[in-house]
Amino acid sequence: MSALLPVEEALAQVLASASPVQDAVTLPLLGALGHVLAESVVSSIDVPGDDNSAMDGYALRARDASSPLPVSQRIAAGTPGCELKPGTAARIFTGAAIPPGADAVVMQENCSEQDQVVSVSGAVTAGQNIRPRGQDIGAGATVLSQGRVLRPQDLGLLASIGRDSVSVYRPLRVAVLSTGDELVEPGSGPLHSAQLYNSNRYTLAGLLRSLNMEFVDCGIVPDDADTTAQALRDAAARADCVITSGGVSVGEEDHVKTQVERLGQLQLWKLAIKPGKPLAFGRIADTPFVGLPGNPTSVFVTFCLIARPFLRRLQGVDEPALPRLRARANFSVDRPGGRQEYLRVTLAGASAGDGLQASRFSNQSSGVLSSVSHSDALAVIPPATTLAEGEPVEVILLDTLA
Ligand code: AMP
Ligand code: MG
């Protein structure tokens, strides 16, 4: 057990060895969702570009507000007004530019207009109901930094400064190989005895898509040394990173680790993690390689904890550690383990404070993929830790992972 590498240490080593892609492409803004910024974007304009009204109402000088004021102009959004004559008010609508000379807007609910003369009730202070020019973004400000994964609101922000295209890193190409003589593709007929459908290919394709990376499908590789070597070499030539599932243990039918050692270099192998101990990491020629275990739950957990941050780094993103929430355990962990364990749990209750309750999925076997599909989070149980029912436990929401 003591030879197993702790998860945090493995992650630090893996991240330190990542050389991010440098190639950038320019994409139209509408096609840039989920891509990673290759530039830091600086605004050349103020947003908003004018002081403008936050209300439908009347623009005036605060010091004039105590007497009835003739309405000297009408200003709608999109059309600039004229200089406000002292002692008058302008009818104004939300988003319209404040006319020069006015310093306040009174909401229409506090005004009464008769025969084009407006009277205002209540106190009026200079600046009220005016959104100042540049209150969102000032000219010269960096609005988004290089390495940012673009979210919908970021596309809106870029549009607000007039950008219609943006420079992003080209999506990472990730080759996926599923090893195992027992594997059958769904759709290719019923299973014979001792066979099972290849689920890892689909889990990994989905995880990569949610990272906006290109899934380079290398199919099923039989448990044979030469075929494995050839498949690994081909995959490495086609992709920025090779991910395999299965075949990284020590059995006679496990060829991936041995072939990677032949074709490149194995940097680490076997982590203090449960599920997923036999994870391997290294290079095939110059292409980074992540060898995930075969068990479907191990694939999910090790991908999310080790491969995902590594791939993000290759893609140019410096992602902070996965956020964790605090929940109360509705279960106990009686026997301390030597490995960091990621229990699949469902959550109920309020998300703040002690209101969140974590319940353990009944079967935590690494072969039971239902435990991931039917859970909300991974509860992190550090090595050598026991847990009594009702004690706090940290959880990682699955929604933050895919
Ligand atoms: P291995 O690491 O190759 O010994 O595989 C460990 C377990 O995971 C075995 O029970 C395999 O049948 C299973 N397994 C391996 N690859 C896959 C896959 N692509 N889809 C579903 N199960 C798999
Ligand atoms: Mg196998």
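The values are calculated or read from the model by the stated rules, or taken from the named source; none is laboratory data. Bear in mind that the values here come from a model prediction, so they are computed numbers and not experimental data. Virtual Cβ from ideal backbone geometry, glycine too; neighbours counted across all protein chains shown. With ligands, DNA and RNA removed, areas are computed over all heavy atoms of the protein, side chains included. Shrake-Rupley method; radii C 1.70, N 1.55, O 1.52, S 1.80 Å.
Given R0 = 51 Å, the distance between the Cβ atoms of Glu389 and Ala123 translates into a calculated FRET efficiency of 0.30. Each part gets one Cα centre, and for region 208-243 versus region 148-173 those centres are 29 Å apart.
Over the chain, dividing the summed -39,500 (n - 2.57) contributions of all DSSP H runs of at least 4 residues by the number of residues returns a 222 nm mean residue ellipticity of -5000 deg cm²/dmol. Structure remark: mean-square fluctuation, Gaussian network model of the chain, C-alpha springs under 10 Å; the largest value among Val248, Val290, Val124 belongs to Val124. From most to least packed by mean Cβ count within 10 Å, the peptides 293-303, 9-19 give 293-303, 9-19.
In this simple spin-label model, placing a label point 7 Å from the Cα along the Cα-to-Cβ direction at both Asp217 and Leu15 gives a separation of 3.3 nm. Highest mean packing first, where packing is the average number of other Cβ atoms within 10 Å per residue, the peptides 47-53, 231-237, 159-165 line up as 231-237, 47-53, 159-165. Using only the Cα atoms of region 122-166, build the gyration tensor, take square roots of its eigenvalues as a ≥ b ≥ c, and label the shape rounded, prolate or oblate: rounded if a/c is under 1.5, else prolate if a/b is larger than b/c, else oblate. Cα axes put region 122-166 in the prolate bin. The residues packed around Pro275, meaning those with a beta-carbon under 10 Å from its beta-carbon, carry a net charge of +3 if Lys and Arg are +1 and Asp and Glu are -1. Ordered by 1.4 Å accessible area with all protein chains kept, Val250, Val7 run largest first as Val250, Val7. Ranked by the mean number of other Cβ atoms within 10 Å of their residues, highest first, the peptides 70-81, 255-266, 273-284, 364-375 fall in the order 273-284, 255-266, 364-375, 70-81. In the full protein context, the chain carries 47 Å² of accessible surface per residue, based on a 1.4 Å probe and ignoring ligands, DNA and RNA. For region 361-402 versus region 61-75, the inter-centroid distance based on Cα atoms is 64 Å. Apolar share of the accessible surface for region 238-278: 42 percent from carbon plus sulfur atoms, 1.4 Å probe. When the Cα gyration tensor is reduced to axis lengths a ≥ b ≥ c, the ratio a/c is 1.5 or higher for the chain, and with a/b above b/c it is classed as prolate. Can you compute the label reach from Ser40? Point 7 Å from Cα along the Cβ direction, backbone N cut-off under 13 Å, restricted to region 126-166. What the label zone holds, given the 13 Å backbone N cut-off, is 140-148. Note on region 1-116: percent of Cα-Cα distances in each 10 Å bin, starting at 0 and stopping at the bin with the largest distance, equals 11, 27, 13, 11, 12, 11, 9, 4, 1. Just report the Cα centroid separation between region 307-353 and region 116-134, whole Å. When both Cα centres are located, 51 Å separates them. Other residues within the sphere of radius under 14 Å centred on the Cβ of Leu191, judged by their own Cβ, net out at -3 (K and R +1, D and E -1). For region 294-402, with all protein chains in place and a probe radius of 1.4 Å, 48% of the accessible heavy-atom surface sits on carbon or sulfur.
Electrostatic bookkeeping for Val174 treats Lys and Arg as +1 and Asp and Glu as -1; over the other residues with beta carbon under 9 Å from its beta carbon, the sum is -1. Taking the chain as a Gaussian network, Cα atoms linked when under 10 Å apart, which of Asp224, Asp115, Asp181 shows the biggest mean-square fluctuation? In this elastic network of the chain, the residue with the biggest mean-square fluctuation among Asp224, Asp115, Asp181 is Asp115. Here the chain is assigned +1 on the Cβ of each Lys and Arg and -1 on the Cβ of each Asp and Glu. Its dipole about the Cα centre then comes out at about 360 debye. Relative contact order for the chain: 16 percent, from Cα pairs under 8 Å spaced at least 6 residues apart, divided by residue count.
Here region 33-170 exposes an accessible surface that is 48 percent carbon and sulfur, computed with a 1.4 Å probe and the other protein chains kept in place. Each 5 Å bin from 0 upward holds the following percent of the Cα-Cα pairs of region 276-334: 4, 15, 19, 18, 20, 12, 6, 4, 2, 1. Which of the three applies to region 196-283, rounded, prolate or oblate, going by the alpha-carbon gyration tensor with a ≥ b ≥ c and a/c under 1.5 meaning rounded? Verdict is rounded for region 196-283.
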